[in-house]
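Visitor: Got a structure for you, written out below as structure tokens; questions coming shortly.
FYI, it's all coordinate maths here, none of it is from the lab. Being a predicted model, the structure only gives us computed values, none of them experimental. Please note: Cβ atoms are built from the backbone with ideal geometry, for glycine as well, and neighbour counts cover all protein chains shown.
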Amino acid sequence: MKIVPIGEITTRFRAYLKAAEDGPVVVTKKGKAVAVLLAVADDDEVERLILAHSPKFQKILNRGKQQIRETGGIRHEDFWREVEAESQRTG
């Protein structure tokens with residue numbers, strides 16, 4: 001992991017993008033971390049990163065986890081049966 005002041009990032013951005021392929025590059029401003037450059041392999045990875053930092057998505061996940069704790073969730077077979085039924089209604 002590299003730690004780089006923001007002023008240096010602006011002048012050597014391409015080099016730090018390349019460095020991010022070897023590991024995260026932490027960008028600092030006045031000594032405080034303000035961003036991280038991460039190399040990504042594909043669009044799916046970009047989507048996962050964005051969702052991982054989405055407050056709205058995290059709220060949905062937490063609500064689902066709470067519901068599972070309270071109700072015990074749904075059996076695997078029942079889930080897929082409902083998915084199939086919904087697919088037939090909308091397809």
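Visitor: When the chain is modelled as a GNM with alpha-carbon springs shorter than 10 Å, which of Glu21, Glu77, Glu45 fluctuates the most?
Guide: Among Glu21, Glu77, Glu45, the largest GNM mean-square fluctuation belongs to Glu77.
Visitor: Where Lys and Arg each count +1 and Asp and Glu each count -1, what net charge lies around Asn62 among other residues with Cβ under 15 Å from its Cβ?
Guide: Net charge around Asn62: +4.
Visitor: Work out the count of Lys pairs in the chain where the Cα-Cα distance is under 23 Å, with the pair 8 or more places apart or on different chains.
Guide: 7
Visitor: Then there's this: What FRET efficiency comes out for the pair Leu38/Gln58, r = Cβ-Cβ distance, R0 = 25 Å, nearest 0.05?
Guide: Efficiency at R0 = 25 Å is approximately 0.85.
Visitor: In Å³ and rounded to a whole number, note down the convex hull volume per residue for the Cα atoms of the chain.
Guide: With only Cα atoms used, the chain gives 178 Å³ per residue.
Visitor: Using Cα springs under 10 Å in a Gaussian network model of the chain, which residue among Asp44, Asp22, Asp78 shows the largest mean-square fluctuation?
Guide: Taking springs between Cα atoms under 10 Å, the residue moving most is Asp78.
Visitor: If I stretch the segment between Thr71 and Ala85 completely, what's the gain in nm (0.36 nm per residue apart, minus their alpha carbon distance), one decimal?
Guide: Stretched fully, the Thr71-Ala85 segment lengthens by 2.8 nm.
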